[in-house]
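Just so you know, all these numbers are worked out from the coordinates, no wet-lab data involved. Computed from a predicted structure; not experimentally measured. When we count neighbours, we look across all protein chains shown, and the Cβ atoms used for this are built from the backbone with ideal geometry, even at glycine.
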Amino acid sequence: MHPRVLAKVWAYFDAAGPKLGREWPITYRGTDDERVETLRSLGVKHFSALSYAHRPGVAEFMNDWTYDFAARVPEALTCATFYPEPEAAEYVARRIEDGAQLFKAHLQVGDFHADDPLLDRVWGALEDAQVPTVLHAGSGPTPGDFTGPASVERLLKRFPRLPLVIAHMGMPETEEFLDIASRYDEVRVDTTM
């Protein structure tokens, strides 16, 4: 993640304790090089460098960073993000053409529903190309107006072959997201926390 953005993410979680009812410490606070070396020392062969756009106009800034990171680090997947904005379909198509292997979107941070009409062409392109998206859709760590399984279910009814990876098993709506994954062949859940 771009260093300026990463600093803000860490600051958010440093202050999140009162909102969550417990502390949420960041274990690996080193530099990019230190974190990559940690992954290598643990035997990790491939990993992602996921960023997510939190407002209009920042996705391509983040995508430039993740593409540069993947060019420098052979084990890193080429990742990208998007936001519901008029130009999203254009830059997502270009990123797919340029080799994106994985996308990330965060409904809670971005304040948008998965089935936002501005993303119709984005989801269509990702479904056609079979490029997966890690989607933070669950209401954890704190609920938001755009979290939960409802908009994901509506999205998948329109794009049933869309490859999605539901971040954090969709917590705390894990059961609902596991049900969705059981009905759509290209939907997975991840177990990270």
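See the values below:
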{"quantity": "Ratio of Rg to Rh over region 104-193 (Cα coordinates, Kirkwood Rh, two decimals)", "calculated": "0.92"}
{"quantity": "Length released on extending from Thr31 to Glu87, taking residue separation times 0.36 nm less the Cα-Cα span", "calculated": "16.9 nm"}
{"quantity": "Segment Ala16-Arg188, length gained on full extension (0.36 nm per residue, minus Cα span)", "calculated": "59.1 nm"}
{"quantity": "Glu173 long-range amide H proximity, modeled H, under 5 Å", "calculated": "Ser139, Gly140"}
{"quantity": "Phi to ³J(HN,Hα) by Karplus 6.51 cos²θ - 1.76 cosθ + 1.60 over region 27-41, Hz, x for Gly, Pro", "calculated": "6, 9, 9, x, 6, 3, 4, 5, 5, 4, 4, 4, 4, 4, 5"}
{"quantity": "Choice from Gly140, Gly99, Gly30 showing the highest fluctuation, given a GNM over the chain with Cα pairs closer than 10 Å", "calculated": "Gly30"}
{"quantity": "Selected from Ala71, Ala137, Ala89 as most flexible by GNM, with the chain as the system and alpha-carbon contacts under 10 Å", "calculated": "Ala71"}
{"quantity": "Expected-Rg normalisation [2.2 N^0.38 Å, Cα atoms] applied to region 78-131", "calculated": "1.03"}
{"quantity": "Those chymotrypsin sites (Phe, Trp or Tyr not before Pro) in region 1-62 that DSSP places in a loop and that have at most 14 other beta carbons within 10 Å", "calculated": "Tyr28"}
{"quantity": "Simple spin-label estimate for Trp24 and Glu97 in nanometres, 7 Å along Cα-Cβ", "calculated": "3.7 nm"}
{"quantity": "Under 5 Å, built H, 5+ apart or other chain: amide partners of Ser48", "calculated": "Leu77"}
{"quantity": "Selection of trypsin sites (Lys or Arg not before Pro), region 40-136, meeting DSSP coil and at most 13 other Cβ within 10 Å", "calculated": "Lys45"}
{"quantity": "Cα-based convex hull volume of the chain per residue, rounded to whole Å³", "calculated": "119 Å³"}
{"quantity": "Ellipticity estimate at 222 nm from DSSP helix runs (n ≥ 4, -39,500 (n - 2.57)) divided over the chain, nearest 500", "calculated": "-12500 deg cm²/dmol"}
{"quantity": "Spin-label model distance (nm) - Met171 vs Leu118, 7 Å beyond Cα toward Cβ", "calculated": "3.0 nm"}
{"quantity": "Whole-angstrom gap from region 110-156 to region 1-63, using each part's C-alpha centre", "calculated": "21 Å"}
